[in-house]
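Let me begin by presenting the structure, written as structure tokens, before commenting on it.
The values are calculated or read from the model by the stated rules, or taken from the named source; none is laboratory data. Computed from a predicted structure; not experimentally measured. Note: ideal-geometry Cβ built from the backbone for every residue, glycine included; neighbour counts use all protein chains shown.
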Amino acid sequence: MNTGSIAMPRRLAPLPPERAPAISNTRLAMIVLIAGESMLFAGLIGMYLVFRLSAKAWPPVDQPRLPLIVTTLNTVVLLASLVPLTRAFRAHTGAARARQVGLTALLGATFVLVQGVEWLRLVQHGLTLGSSTYGATFYMLIGCHALHVLTGALWVAVTAVLARGDAFAERHPAALEMCGIYWYFVCGLWGVLFPLVYLY
């Protein structure tokens, strides 16, 4: 060690600039959530197919048929909810964003309401959880999806209220995005369940 090294402090190497993560924590959380939900529905669909393919008659002769026309129209309602949600991502003001997200929540709630009315009619005609394997698998699979739609509609409705101010999108841009990802997942899942349960 010499006197020069004492007098002159060593320069520290500059720290490398912080890089943004390849994927945000909120997106990663949504990926994990949707992966878990996908496994849940894969199991339910597998259960449904096992019973469906092993049955001699599906639906059983003594059980009511599912309301195809009403459910087809209701499917249009659910899929139509994607249009205002997509517009919400392109909206430039909080008021416009809130209107579009609110319309999405309204269409989602309509879907659940119509489905509930149809289930009441099916129960009155004898299709219940305990009436047959057909009834049990139907309510398990479609009921689980309805619960997810209801949860998604409530989430979208809360997001619509919060989206009224422009500050929401600026401070919490991921909130609307995560809500949208979940809603796209729920609608896409119905695109699989509707033909499987109602048309197959």
Report summary line: Across segment 82-104, the tally of residues that are closer than 19 Å to T72 by Cα and without any contact (Cβ under 8 Å) to a residue 60 or more places away in the chain stands at 1
Query raised in the report: Is it the case that segment 56-68 has a residue that's in a helix (DSSP H, G or I), at pLDDT 90 or above and among the hydrophobic types (A, V, I, L, M, F, W, C)?
Result: yes
Report summary line: Checked against (1) modelled with pLDDT under 90; (2) in contact with a helix residue (DSSP H, G or I) (Cβ under 8 Å, 6 or more places away or on another chain), T104 satisfies every condition except (1)
Query - Scope segment 130-167; condition in a loop (DSSP other than H, G, I, E, B) and either touching a strand residue (DSSP E or B) at 6+ places or on another chain (Cβ under 9 Å) or among the hydroxyl-bearing types (S, T, Y) (or both); matching residues - result: S131, S132
Query raised in the report: Which condition breaks for L127 when tested against (1) in a helix (DSSP H, G or I); (2) surrounded by 19 or more Cβ atoms within 10 Å (Cβ to Cβ)?
Result: (1)
Report summary line: Among L53, L73, the single one that is surrounded by fewer than 16 Cβ atoms within 10 Å (Cβ to Cβ), at pLDDT below 95 and part of a helix (DSSP H, G or I) is L53
**Report entry** One residue from V186, V149 being closer than 24 Å to I23 by Cβ, at pLDDT 85 or above and of a type in the set (A, V, I, L, M, F, W, C)
**Finding:** V186
